[in-house]
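One structure is given here, and the rest of the page talks about it.
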Amino acid sequence: MLFAANAKVNLTLDIVRRRDDGFHDVKTVMRSVSLCDYIDLGVADKDSFVIKGADLPADGSNLCIKARDAFRSYTGDNAPVYIILDKRVPSQAGLGGGSSDAAAVLNLMNDVLHKNLGALELQDIAAGLGSDVAFFVKGGTALCTGRGEKIEHRGPDAPLTYMVIAKGGAGLSTPDMYRRFDASGEFDVDNGRSNAVMAAGTVIDIVRNVYNSFDAIATALCPDVAEIKSQMKQSGALCTLLSGSGSAVFGIYQDKVSADSAAEMLKSKGYFASSCLAL
């Protein structure tokens with residue numbers, strides 16, 4: 001069974017505080033985008049895991065394998081499965097590719113093995129795999145708080161939004177970005193922007209409220225981030241912003257033609273770039 005594991009962008013990302021357990025409380029609006037990996041999973045004679053399109057570990061450190069094993073632990077069903085991951089979402093980009101892959105495995109295991117677990121049960125399993133995984137069980141647009149595992153979904157009425165996602169060759173480590181943010185000592189105070197984006201009726205309502213606590217740090221740290229933002233603005237982006245902890249940047253455009261043109265321009269300069277529709 002083939003499944004599209006969609007990436008996400010963070011339309012807002014406020015880091016609220018550092019917790020005693022070393023994690024951080026955040027308030028973020030995540031939105032799925034059409035850029036995706038593809039995962040094929042089915043019942044087999046023995047377990048196998050193949051990765052196409054990227055040089056990534058295929059052992060127990062991979063989130064796909066962790067998701068498979070967590071599902072088995074929860075259900076007690078150890079039926080062998082094959083997993084084929086066709087990797088198209090860049091890594092170390094802040095796009096949630098690995099988390100989305102893990103959620104896709106949970107959804108596929110549920111379907112292929114006919115377990116009929118509900119979304120809340122799958123999200124409970126997902127929460128143990130990583131902060132973003134639970135969001136990807138359903139995707140769409142959601143306000144996520146806590147470590148990201150507390151999820152409030154918006155209905156399917158979010159404004160039609162055209163985006164370009166682009167990334168240079170350098171990646172940014174999420175733990176390192178949090179350390180740098182902690183050193184600044186400037187935690188965010190909720191000013192209503194996340195709620196405004198969740199309630200947005202137009203793309204302009206979104207554009208007015210986008211924000212990312214990591215944006216200034218990544219822009220100063222990674223020359224590609226600053227250059228991609230500059231190129232996007234010159235190509236007509238209504239706004240530009242880092243996604244997650246980076247290093248991918250997204251720009252919001254007025255229409256598909258503008259987004260497609262900007263993506264081609266960025267590709268011509270050697271960047272990864274994808275014209276996307278926010279889902």
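For the modelled label position 7 Å from the Cα of Ser173 along Cα-to-Cβ, which residues of segment 211-239 have backbone nitrogen atoms closer than 17 Å?
Inside the label zone: 218, 221-222.
Relative contact order for the chain: what is it in percent, counting Cα pairs under 8 Å that are at least 6 residues apart?
Relative CO of the chain lands at 24 percent.
Quote the relative contact order of segment 240-279 in percent (integer), defining contacts as alpha-carbon pairs under 8 Å separated by 6+ residues. Walk me through the intermediate numbers first.
Values: 26 pairs, mean separation 9.9, N = 40.
Relative contact order for segment 240-279 comes out at 25 percent.
How big is the charge dipole of segment 84-189 about its Cα centre, in debye rounded to the nearest 20, if each Lys and Arg gets +1 on its Cβ and each Asp and Glu gets -1 on its Cβ?
That gives a dipole near 240 debye.
State, as an integer percentage, the relative contact order of segment 109-248 based on alpha-carbon contacts under 8 Å between residues 6 or more apart.
21 percent
Neighbouring Cβ atoms within 10 Å as the yardstick, rank Tyr82, Tyr253 fewest first.
With the sparsest Cβ surroundings first, the list reads Tyr82, Tyr253.
Calculated FRET efficiency, Arg18 and Leu120, Cβ-Cβ r, R0 25 Å, to nearest 0.05?
It comes to 0.30.
Could you rank the peptides 3-13, 69-79 by their average count of other C-beta atoms within 10 Å per residue, with the highest value first? It would help to have the intermediate numbers written out before the result.
Working: 3-13: 26.2, 69-79: 14.8.
So the peptides 3-13, 69-79, ranked by packing, come out 3-13, 69-79.
Only helical DSSP H runs with n ≥ 4 go in: add -39500 (n - 2.57) per run for the chain, normalise by residue count and round the 222 nm mean residue ellipticity to 500 deg cm²/dmol.
So the calculated ellipticity at 222 nm is -10000 deg cm²/dmol.
Note the listed values (i) 17; (ii) 22; (iii) 25, then indicate which one is percent of Cα pairs over 34 Å apart calculated from this particular structure.
Among (i) 17; (ii) 22; (iii) 25, the one calculated here is (i).
Name the most mobile residue of Val105, Val89, Val203, meaning the one with the largest mean-square fluctuation, in a Gaussian network model of the chain with Cα contacts below 10 Å.
Sorting by GNM fluctuation, first place goes to Val203.
Read-outs: derived from the displayed coordinates by stated rules, not from any lab. Worth saying up front: this structure is predicted, and the values here are computed from it rather than measured. Positions of Cβ are backbone-derived with ideal geometry, glycine not excepted, and every protein chain shown enters the neighbour counts.
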